[in-house]
Amino acid sequence: MQTSKNWIAHFNNNAEVFRVNWNLRPTVTPQEVETILPSLQAWQLGETSDGANLLSASTKYAGKIGDVDYVEAVKLFIKEEQKHGNNLGRYLDAIGKPRIQKDWGDSLFRKVRYFNTSMEIWTLAVIVVESTAQIFYQALKDATNCQLLKQICTDILIDEAYHITFQTDRLQVIFDGKTTTAKSWRKYAYKLFFYLTATTVWLAHKQLFRAGGNTFGTFTKKMRQKYYKTIDRITAPIIITPHELYPKP
């Protein structure tokens, strides 16, 4: 598990890496645009949040646990997400399509974020959204032959893998600090939240997911794999063998 200082170093180093060649011209076809545009616009909007509520929750949490570096790590995480939004917006500009200002899925998530002050819920929500984002951007990448868009997707996918680890590490710390009783019901609450959120994302972007080669069944299978690599790894009970209880002298 990485420290907050380690994550600060990672985000700063990653900010100096440029994986998108903006000298490439977009070659997306009209048919591809028709398929991917609504989801591309919606996801671009979602990536442009200023992160004020997350930053507020993380500042409160960091003060409580005495880890001031965590706030800086979250600031850099938000900045990296905004980079994704900027790149997607720049691509929309390049193909002559508008950046939208409102989307029902984004509005719903923003309302949840506005009223949420819990670092635990924030972290859980980001893990789910980032997990669906991995499938989304891979589907977007597979749904087009445009090399510029593919590079944008690849850049985001690389970042998202680290984002999930960043958030999973934090949820592990939060979960470990709970009582046995609190842990027992959270195992089921986390799972319910994970799959309900994932299903909502599928319903909002099923056209794009299908264009990238996914059915609801394959999408659910991929999300299940991501659940076991993140949430279940945190909440699964530790099994102690008799040998561990009574080691040989």
Q.
I'd like the residue in region 201-225 that is in contact with a Ser or Thr (Cβ under 9 Å, 6 or more places away or on another chain) and of a type in the set (S, T, N, Q) and, out of all such residues, is farthest from Lys141 (Cα to Cα).
A. Thr220
Q: Can you tell me which residue among Ala62, Ala42, Ala9 is surrounded by 12 or more Cβ atoms within 10 Å (Cβ to Cβ) and touching a residue at least 60 places away in the same chain (Cβ under 8 Å)?
A: Ala42
Q.
Can you say whether Lys75 is within 18 Å of the chain's Cα centre (by Cα), within 27 Å of Gln172 (Cα to Cα) and not hydroxyl-bearing (Ser, Thr, Tyr), as far as the supplied structure shows?
A. yes
Q. Restricting to helices (runs of 4 or more DSSP H) lying wholly in region 21-94: which have 1 or more residues that are under 13 Å from Leu149 (Cα atoms) and not aliphatic (A, V, I, L, M)?
A. 30-46, 69-94
**Q.** Selection count, region 150-194, where residues are closer than 24 Å to Gly89 by Cβ and β-branched (Val, Ile, Thr)
**A.** 5
**Q.** Odd one out for Asn145, checked against (1) of a type in the set (S, T, N, Q); (2) in a helix (DSSP H, G or I); (3) more than 22 Å from the chain's Cα centre (by Cα)
**A.** (2)
Q.
Tell me whether region 11-30 contains one or more residues that are over 30 Å from Ala143 (Cβ atoms) and polar (S, T, N, Q).
A. yes
Q) All but one of (1) under 27 Å from Gln2 (Cβ atoms); (2) surrounded by fewer than 21 Cβ atoms within 10 Å (Cβ to Cβ); (3) of a type outside the set (Val, Ile, Thr); (4) in contact with a Leu (Cβ under 8 Å, 6 or more places away or on another chain) hold for Leu157; which doesn't? A) (4)
Q. What is the one condition in (1) over 20 Å from the mean Cα position of the chain (by Cα); (2) aromatic (Phe, Trp, Tyr); (3) surrounded by 18 or more Cβ atoms within 10 Å (Cβ to Cβ) that Trp22 does not satisfy?
A. (3)
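For (1) within 30 Å of Arg233 (Cβ to Cβ); (2) at pLDDT 95 or above, each residue gets a yes or a no:
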{"position": "Trp7", "(1), (2)": "yes, yes"}
{"position": "Phe11", "(1), (2)": "yes, yes"}
{"position": "Asn23", "(1), (2)": "no, yes"}
{"position": "Pro30", "(1), (2)": "no, yes"}
{"position": "Ile36", "(1), (2)": "no, yes"}
{"position": "Thr48", "(1), (2)": "no, no"}
{"position": "Asn53", "(1), (2)": "yes, no"}
Q) Quick one: would you say Thr200 is within 30 Å of Arg90 (Cα to Cα) and crowded, with 16+ Cβ neighbours inside 10 Å? A) no
Q.
Residues to consider are Arg210, Arg186; find the one that is charged (D, E, K, R) and more than 24 Å from Glu47 (Cβ to Cβ).
A. Arg186
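Here's the yes/no breakdown for (1) farther than 16 Å from Asp159 by Cβ; (2) modelled with pLDDT under 90:
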{"position": "Val68", "(1), (2)": "yes, no"}
{"position": "Lys75", "(1), (2)": "no, no"}
{"position": "Lys79", "(1), (2)": "no, no"}
{"position": "Ala94", "(1), (2)": "yes, no"}
{"position": "Lys97", "(1), (2)": "yes, no"}
{"position": "Trp104", "(1), (2)": "yes, yes"}
{"position": "Thr117", "(1), (2)": "yes, yes"}
**Q.** Complete set of residues in region 209-229 that are in a loop (DSSP other than H, G, I, E, B) and surrounded by 13 or more Cβ atoms within 10 Å (Cβ to Cβ)
**A.** Gly212, Asn214
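The values are calculated or read from the model by the stated rules, or taken from the named source; none is laboratory data. Predicted, not measured: the structure shown is a model, and the values here were computed from it. Every residue, glycine among them, receives a Cβ derived from its backbone with ideal geometry; neighbour counts consider all protein chains shown.
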